[in-house]
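The values are calculated or read from the model by the stated rules, or taken from the named source; none is laboratory data. In this text the structure is predicted, and so the values were computed from the model without any measurement. In this analysis, Cβ positions are derived from the backbone assuming ideal geometry, glycine residues included, and neighbour counts consider all displayed protein chains. Heads up: the accessible areas ignore ligands, DNA and RNA and are worked out on the full protein's heavy atoms, side chains in. Shrake-Rupley method; radii C 1.70, N 1.55, O 1.52, S 1.80 Å.
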Amino acid sequence: MIVARKIPSVFSSYFLRPCRKQQQHLSSRLVSHELNGLSPGFQSQPTETKDLSLNLHASSAPDTKMLRGTILDHSVDLLRARPGDKLDIPYQITVSESLQTFWHSAFFDNNRIHTSQPFCRQMGLQDRVVPFSLALFLASAMTHEDAAKVQVGFGKVSYIWPIFAGDTMSQAFTVTKMRNTSDGHHSIINFTCDLINQRGRLCMRADKALLFQFPLPESELSARVVEEEPVNRQLFRDHLLSKATTVLAENPSFSLADLKPGILILHTMHRSLTFSQSQQLASLARLTHERHFDSRKYDRTNEIFVPGGLVLGITMSATARDLHEILHEEIQSCAYVNNLHPENVVGAMSYVQDVDDNLPGDLEVASVVTLGFKSINARELAHVDIPAELFRPGIFAKEIENICKKSCPILSGKIVVAVERKILRQTRHRQVFLL
């Protein structure tokens, strides 16, 4: 039998004597009470001496209360959307110098309108202009697109008004078209994405298409919405053209390439995005889709996706050196073909469809179709016949992959994006000699 007994008082007084740390704690309590207006003579309540005897018949602990968590759904319910519905996004992003610097560190750009403040000031602009690809990434990044499976591509994209560091941008999305896919299990929804600055000025407008993993009821499908208020999409471009015979004549371009219709350029610049870069840039644009972040659920080598805006950005940066010097550009169409994963090296090739040099000064507009590809060095394609059909304007992703499988197997599964764009560029300074 075990007999419980009290510890003798001499030992009790020893164990209850405050140690140095306890004394410091009591002193700090006195100081804190003085700071809170209590009298300096305040004494803490005496420590209660508990009976340390064993209690062999203590009652068991009460039942633990259990909770079950709820997952909040922040995505927009597009099953209830209709063409013409407008989504005004409450979030705002102030474009900082550091954001521009971070972008330039990941995406090569040697165009003075993006890199030189003195040049921009001479052009009548307050500062360096935010690159087209960064503006498009900010315009099209949708925080509430968690239900989307993949981005299909873009229609027309226009850079209407220049964006500078310090501008605060907001977004507005309008549902323009809804349709089911041919398999009947998915749907494609088209949006008009508007990027607006703090003064209410429309800076960029982009037509974007997303693929969703649910079909739409036939009763909710309707025709494309017609733009009610026509927008002059050439304001920025017209301003640059007005400087052709003055500022640009005094600041000639040092571009090294003459673009001729019908040539195919294999760009030798190759870049990749790390998983950290992809995550950081996606976070800066307020993207939340788990396919960009959750490496525990998805394997980063073949299941984590680089966001569509970054895929386009790295493809366009691969062409920057050869197409220099670009002053302005717009996209006519863009199709995403195969997914891009972090660490995949991206290269590009561009087919020049047309060149219009009937512009003032040394300016020209080149119509170019660019294919971005992964895991191939452009030099490997120098002796490969590339099907011209791949560069057909407005070609669909499925068509591109079928053509590659049939006529160019080296590119099968490798093309990540096909983009058709018009580029306003300053050519090499030409001297005209009269004989």
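When V346, V417 are checked against the criterion of being in contact with a Lys or Arg (Cβ under 6 Å, 6 or more places away or on another chain), within 25 Å of F154 (Cα to Cα) and either of a type outside the set (V, I, T) or open to solvent by less than 20 Å² (accessible area, probe 1.4 Å) (or both), a single residue qualifies: V346.
Which of the following residues is at pLDDT below 90 and out of contact with any helix residue (DSSP H, G or I) (no Cβ under 7 Å at 6 or more places or on another chain): T315, T301, T319? First the steps, then the outcome.
On the way: T315 fails: at pLDDT below 90; T319 fails: at pLDDT below 90.
When all the criteria are applied, what remains is T301.
Helices (runs of 4 or more DSSP H) fully within the stretch 67-176 that include at least 1 residues being open to solvent by 60 Å² or more (accessible area, probe 1.4 Å) and not small (G, A, S): 97-106, 112-115, 117-122. Among the residues of this structure, A378 does not count as one that is touching a helix residue (DSSP H, G or I) at 6+ places or on another chain (Cβ under 8 Å) and within 22 Å of G262 (Cβ to Cβ).
Applying the set (1) basic (K, R); (2) at pLDDT 95 or above; (3) open to solvent by less than 40 Å² (accessible area, probe 1.4 Å) to R233 leaves exactly one unmet item: (2). Looking at S276, is it among the polar types (S, T, N, Q), open to solvent by 10 Å² or more (accessible area, probe 1.4 Å) and in a strand (DSSP E or B)? When the stated conditions are applied, S276 does not pass them.
Report whether or not V226 is aliphatic (A, V, I, L, M), open to solvent by less than 50 Å² (accessible area, probe 1.4 Å) and either at pLDDT below 90 or in a strand (DSSP E or B) (or both).
Values: aliphatic (A, V, I, L, M): yes; open to solvent by less than 50 Å² (accessible area, probe 1.4 Å): no; either at pLDDT below 90 or in a strand (DSSP E or B) (or both): yes.
No; evaluated as a whole, the condition is false for this residue.
Between L390, L371, which is within 30 Å of R237 (Cβ to Cβ), buried (at least 16 other Cβ atoms within 10 Å of the Cβ) and either more than 25 Å from the chain's Cα centre (by Cα) or of a type in the set (K, R) (or both)?
After applying the criteria, what remains is L390.
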